Amino acid sequence: MIKKTLPFSAEQLEQIAEEFGTPFHIYDQKGIIDNVRALKAAFSWAPQFKEYFAVKATPNPHILKLLAAEGIGADCSSLPELILAERVGIVGEEIVFTSNDTPAREFIKAKELGAIINLDDISHIDFLDKVAGMPEMICFRYNPGPLGQRGNSIIGKPEEAKYGVTKEQLFDCYVKAKKLGAKRFGLHTMVISNELDPDFFVETARMMFELAVELKQRLNICVEFIDLGGGIGIPYRPEQEAVDLNYLGRQVEKLYNQILVPAGLHPVKIAMECGRLITGPYGYLVTRVIHKKEIYKNYVGVDACMADLMRPGMYGAYHHITVCGKENEPCDHMYDVTGSLCENNDKFAIDRMLPLIEIGDLLVIHDTGAHGHAMGFNYNGKLRSKELLFKDDGTVKLIRRAETIEDYFATLDFSEL
Ligand SMILES: *Cc1c(COP(=O)(O)O)cnc(C)c1O
């Protein structure tokens, strides 16, 4: 079993908690950067490789800026996400705009920024052309639908997802876009989320490479890039293993050489839109125990709640918990770790074996770097926590303040009462 470790010592964390106050999400700069470099290295064989970070995972400009310095672009799917990218200097084809059910003004902004627009439906071609004009570069999101026996066990059930176009539509899409003036083309898919089996992504690459060849043969369209989407999982549980990126890179390289090169499609840019993989393991929600309660079960009440991290409540997701300073004590007590929402699913852990916990202990909830703070909400009048960056020089920077009561009331006008 791999032990879940922290980039800071218990004393350091206690100091940070003293200085900034709990709860907070803290992101490990070095962890994020080393990880991004590992991903790039795994695909360094590709004539061009581009990771567009899925902004929705960690929509913080400081994080986007760190990533941009490593050559990472942005995968946006809403107007605020586009503006966020723009504000940190990520513009043009450093952005891929992968949206669905898209409002007109979002297409207009994406076009203005020169982003690569990735269309989710055949009907969006005319819609985009009407509201913003057909750009020179256009991409389509493919939904493979039911994949038969080979694909189904491994690829899941894309036919039940709302995204993308069918295979027959896809061919019509390129013809139609070309007629409207598009000259450069991309091909995209994203069929799964939080998948730890690297062979799943290898199979996705195979499917996409074969599709690119078919596009060339049937329509004489040579795609400039193939975007394999995001969805690479992370080991939330201590017994799980991270996806071996080098293995993945090597397998995709083999398929590139077997399928794309002989078809005369080389060079094709390989793109990805990972979010979780990039920041997930390098964020921690740090919260202090404020109550203990013993009724039919034993509860530990903390000062964070589901507004700071929805995944356990929403998906029953496992997030590992370390009791700061008690790393080497036996896990011989069973607790439910709860937040303060009037919702019984506001629990960070259920029946979790932990060391004896006392009021005042600091708990570290692991793997909150992606889809953590970002998913927060204000139900029950709860306010979202601050975000901190643990920099590579060991200093800590506040990169988003906590929400305040004033923020909560900012959308209300009491003068009208
Ligand atoms: C959510 C999403 C991603 C990122 O997914 P992860 O699981 O965080 O890697 C990438 N692309 C699209 C279109 C998405 O909706």
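The values are calculated or read from the model by the stated rules, or taken from the named source; none is laboratory data. Everything numeric here is computed off the predicted structure, so don't read it as measured data. Here the Cβ is made from the backbone with ideal geometry for all residues, glycine too, and neighbour counts use every protein chain on show. For the accessible areas, the whole protein counts, side chains as well, though only heavy atoms, and no ligand, DNA or RNA atoms are used. Shrake-Rupley method; radii C 1.70, N 1.55, O 1.52, S 1.80 Å.
Taken about its Cα centre, the chain carries a charge dipole of roughly 1080 debye when the Cβ of each Lys and Arg holds +1 and the Cβ of each Asp and Glu holds -1. Less than 5 angstrom separates the built amide H of residue 388 from those of 25, 26, 27, 399, all sequence-distant by 5 or more or on a different chain. In this structure the chain gives 45 Å² per residue of accessible area when probed at 1.4 Å with all protein chains present. Dipole size of the range 30-278 about its Cα centre, with +1 on Lys/Arg Cβ and -1 on Asp/Glu Cβ: approximately 460 debye, rounded to the nearest 20.
When each of the peptides 354-367, 331-344 is scored by the mean number of other C-beta atoms lying within 10 Å of its residues, the order from highest to lowest reads 354-367, 331-344.
In the range 30-278, the portion of solvent-accessible area held by carbon and sulfur atoms comes to 48 percent [1.4 Å probe, whole percent, DNA, RNA and ligands not counted].
Once backbone amide H atoms are built at 1.01 Å from N, residue 348 has 337, 338, 339 as its partners under 5 Å, excluding neighbours fewer than 5 places away on the same chain. Scaling the Cα radius of gyration of the chain by the globular reference 2.2 N^0.38 Å produces a ratio of 1.05. Simple rule: put +1 on each Lys or Arg Cβ and -1 on each Asp or Glu Cβ in the range 281-407, find the dipole, and look at 344, 377, 310; the Cα lying farthest toward the positive end is 377. Checked against a 18 Å cut-off, the cross-linked pairs 30/397; 65/391; 109/130; 111/162; 40/216 give Cα-Cα distances beyond that limit for 111/162; 40/216. Under a 5 Å amide H to amide H cut-off, with H placed in plane at 1.01 Å, what residues pair with residue 73 once short-range neighbours are removed? Residues meeting the amide H criterion: 51, 52, 53.
Counting only DSSP H runs of at least 4 residues, each contributing -39500 (n - 2.57), and dividing by the residue count of the chain, the helix-based mean residue ellipticity at 222 nm comes to -9000 deg cm²/dmol.
Taking every alpha-carbon pair under 8 Å whose residues sit at least 6 apart, the chain reaches a relative contact order of 19 percent. Going by Cα centres, the range 359-378 and the range 205-227 are how many Å apart? After rounding, the separation between the Cα centres reads 41 Å. With θ taken as phi - 60° and the Karplus curve 6.51 cos²θ - 1.76 cosθ + 1.60 applied, the whole-hertz 3J(HN,Hα) list for the range 226-239 is 10, 9, 8, x, x, x, 5, x, 10, x, 5, 8, x, 7 Hz, x standing for glycine and proline. With the Cα gyration tensor of the range 1-154 giving a ≥ b ≥ c as the square roots of its eigenvalues, does the rule (a/c under 1.5 for rounded; else a/b larger than b/c for prolate; else oblate) give rounded, prolate or oblate? In terms of gyration-tensor shape, prolate. Computed 3J(HN,Hα) for the range 303-308, one whole-Hz value per residue from the Karplus formula 6.51 cos²θ - 1.76 cosθ + 1.60 where θ = phi - 60°, is 8, 9, 8, 4, 5, 8, glycine and proline marked x. Assign one of three labels to the range 281-407, namely rounded, prolate or oblate, based on the Cα gyration tensor with a ≥ b ≥ c the square roots of its eigenvalues; rounded applies when a/c is under 1.5, prolate when it is not and a/b is larger than b/c, and oblate otherwise. Verdict is oblate for the range 281-407. From the largest down, the range 172-214 spans 40, 20, 16 angstrom on the principal axes of its Cα atoms.
3J(HN,Hα) couplings calculated from phi for the range 257-266 with the Karplus curve 6.51 cos²θ - 1.76 cosθ + 1.60 (θ = phi - 60°) are, in sequence order, 6, 7, 10, 7, 4, x, 7, x, 9, 5 Hz; Gly and Pro show x. When the chain is treated as a GNM with alpha-carbon contacts under 10 Å, the residue of 104, 115, 212 showing the greatest mean-square fluctuation is 104.
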